[in-house]
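The values are calculated or read from the model by the stated rules, or taken from the named source; none is laboratory data. On a predicted model such as this, the values are computed, not experimentally measured, just so you know. Glycine gets a Cβ as well: all are built from the backbone with ideal geometry, and neighbour counts include every protein chain shown. For the accessible areas, the whole protein counts, side chains as well, though only heavy atoms, and no ligand, DNA or RNA atoms are used. Shrake-Rupley method; radii C 1.70, N 1.55, O 1.52, S 1.80 Å.
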Amino acid sequence: MSMLVSLLGPIAYVEATTTRTVPERTIRTGREAGRTFVTAEPTHVAAILRTEGDALISVTTSFDVAATTRPHLEIYGTDGTLVLPDPNFHDGPVRYRRRGSSASQEVDQVMTTTSPIGRGMGILDLADAIRRGAPECASGRRAHHVVEIIEAIRFAEKSGHPAELALLREERRASLP
């Protein structure tokens, strides 16, 4: 969600549905590997998000899909498609294919590290921004908005109604003492 907000801007509207396709799960790694449990949480989420700029985003997240070869993020525009690598590790090529072209091309990237750092990159971005006196990408404001989006997905799923984030913010403020 954070990468989507970074690339496409704030989210204004959400529709969502979820399911628990496989409610009994097995822990695969760590000290409790092999232990099974039943989850009460959705294991498959399908959502439609609309940005404040009216871009539509289709989001599918799932614990129930095995061995997919789909890219983690694809951005479809009027002039082409941008294919992005795993946002958890920030490694891999960025590819672009123009409308009417028969092949994708890799986009040149400026790498600041020789190995993927994974989810710890946010703290490195913060430290670098402080050192340079620049705004950080992983800001508290963005993190708060990402949590709002996740809450809006849950609201839409549970209520069966779309969620407009501005209205949810107003309802939350009105309920505060």
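How much area per residue is accessible in the chain when the probe is 1.4 Å and only protein heavy atoms are counted (Å²)?
Numbers: 12590 Å² over 177 residues.
Dividing the accessible area of the chain by its residue count gives 71 Å².
The string of couplings for segment 26-32 from the Karplus curve (6.51, -1.76, 1.60, θ = phi - 60°) is 10, 6, 9, 9, x, 4, 9 Hz, one whole number per residue in order, with x for Gly and Pro.
Quick one: which residues, 5 or more positions from residue 91 or on another chain, have an amide H under 5 Å from its amide H? H modelled 1.01 Å from N in the peptide plane, none for Pro or chain starts. For residue 91, whose amide H was placed from the backbone, the distant partners under 5 Å are 86. Per-residue 3J(HN,Hα) values for segment 149-162, derived from phi via the Karplus relation 6.51 cos²θ - 1.76 cosθ + 1.60 with θ = phi - 60°, read 5, 4, 4, 5, 4, 5, 4, 4, 5, 6, 8, x, 10, x Hz in sequence order (x marks Gly and Pro). Surface composition of the chain: carbon plus sulfur atoms hold 54% of the accessible area, using a 1.4 angstrom probe and ignoring ligands, DNA and RNA.
Under the definition of Cα pairs under 8 Å and six or more residues apart, what whole-number percent is the relative contact order of the chain? Intermediate results must be reported in sequence, preceding the final value.
Working: 250 pairs, mean separation 39.6, N = 177.
Relative CO of the chain lands at 22 percent.
Return the FRET efficiency for the residue pair residue 74, residue 26: r is the Cβ-Cβ distance, R0 is 22 Å, and the value is rounded to the nearest 0.05. After rounding, the FRET efficiency stands at 0.10. Each peptide in 77-87, 47-57, 92-102, 30-40 gets a packing score, the mean of other Cβ atoms within 10 Å over its residues, and the list from highest to lowest is 47-57, 77-87, 92-102, 30-40.
Sort 23-29, 1-7 for me by packing, meaning the mean count of neighbouring Cβ atoms within 10 Å per residue, highest on top.
Values: 23-29: 10.9, 1-7: 16.7.
Per-residue mean Cβ counts within 10 Å order the peptides as 1-7, 23-29.
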